[in-house]
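Chemist: I'd like to ask you about the structure that follows.
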Amino acid sequence: MFLEPNKFYHIYNHAIGDDNLFRNNQNYLYFLKRYADFIHPIAKTYAYCLMPNHFHLLVKIRTEVEIVEAFPKLRKDLQGFKNLEGLYVEEIEKRISKQFSNFFNSYTKSINKSYNRRGALFCHNFKRKPISNDAYFTSVLQYIHRNPQHHGFSTTVEDWRWSSYHSLISQKPTHLERQEIIGWYGTEAYFKESHKRHDALYFELSQDDFY
């Protein structure tokens, strides 16, 4: 399934077997750097969480216009598709998939070189679940931030360093859609309080979302 422009998705993936994606703080930082390089041009990020053996993302794929503007070569390649809407969209969706593929490959090559390992690091096909409504969006966002608790990596949301939770309540520059998320909750205080509540959490999540 291609990721479609201008749509929200819950994206997640796991290391192969018993391997880990992240072994130290530098790995986490490098993953986020590569993510900014490859994924920020084609998607807006609303939440993320990185754990030793897997990660979760909440993103909105950028519009066709934004993606074409981000890749001048793509604009040139698409000139012949102006009257072939289906092919035009297909080429843009291929570019989106290519960015994710390049991102995973780039990170894998770095880890393999650093730790003298070989082969794939991530499970072959990353999971992607379309976000269908507002309740689902809220449930996914809170599930992502609380995932370290779910897996026993931390006792509270605040304890885990490698999620978007801290960046969303910070004033430091960020690629995250901070204003939109805080606006979604109304206030920063309610954003924080909502992550401490257990009632109605994961209301719209299906079994496929849990990882």
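None of the figures in this text is laboratory data; all of them are computed from the coordinates on show. Just so we're clear, the structure is a prediction, and the values are computed from it rather than from any experiment. A quick note on method: Cβ atoms are made from the backbone with ideal geometry, for glycine too, and the neighbour counts reach across all protein chains shown.
Chemist: Sorted from fewest to most neighbouring beta carbons within 10 Å, what does the list Trp184, Trp160 look like?
Modeler: Numbers: Trp184 15, Trp160 20.
In increasing order of surrounding Cβ atoms, one gets Trp184, Trp160.
Chemist: I've got another one for you. Given the options Leu32, Leu74, Leu121, which has the most mean-square fluctuation in a GNM of the chain, springs set between C-alpha atoms less than 10 angstrom apart?
Modeler: Leu74
Chemist: Roughly how far apart, in whole Å, are the Cα centres of segment 1-79 and segment 161-192?
Modeler: The distance from the Cα centre of segment 1-79 to that of segment 161-192 comes to 19 Å.
Chemist: Estimate the FRET efficiency between Gln179 and Lys127 by the formula 1/(1 + (r/R0)^6), using the beta-carbon distance for r and 41 Å for R0, to the nearest 0.05.
Modeler: Values: r = 28 Å, r/R0 = 0.68.
It comes to 0.90.
Chemist: Show me, for segment 134-139, the HN-Hα J-couplings you get by feeding each phi into the Karplus relation (A = 6.51, B = -1.76, C = 1.60, θ = phi - 60°), rounded to Hz, glycine and proline as x.
Modeler: 5, 5, 5, 4, 5, 5
Chemist: Right, next: Just list whichever of Lys127/Lys172; Lys33/Lys60; Lys60/Lys129; Lys109/Lys129 have alpha carbons separated by over 23 Å in the model shown. It would help to have the intermediate numbers written out before the result.
Modeler: Details: Lys127/Lys172 30 Å; Lys33/Lys60 19 Å; Lys60/Lys129 12 Å; Lys109/Lys129 27 Å.
Pairs exceeding the cut-off: Lys127/Lys172; Lys109/Lys129.
Chemist: In the chain, with Lys and Arg counted as +1 and Asp and Glu as -1 at Cβ, which of these residues, Cys49, Ile96, Phe22, has the Cα nearest the positive end of the dipole, that is, farthest along it?
Modeler: Sorting the options by dipole projection puts first Phe22.
Chemist: If each residue of separation counts as 0.36 nm, what is the full-extension length gain between Arg118 and Gln149 once their alpha-carbon separation is subtracted? Present the calculation step by step, with values, prior to reporting the outcome.
Modeler: Values: separation 31, 0.36 × 31 = 11.16 nm, distance 3.12 nm.
Contour length minus the Cα-Cα distance gives 8.0 nm.
Chemist: Now a separate question. Using only the alpha carbons of the chain, what is the convex hull's orientation-averaged projected area in square nanometres?
Modeler: On the way: hull surface 51.0 nm².
Taking the Cα atoms of the chain, their convex hull projects to 12.7 nm² on average.
Chemist: Which value does Rg/Rh take for segment 1-112 over its C-alpha atoms, Rh per Kirkwood?
Modeler: On the way: Rg = 15.4 Å, Rh = 15.1 Å.
Taking Rh as the inverse mean 1/r over Cα pairs, Rg/Rh reads 1.02.
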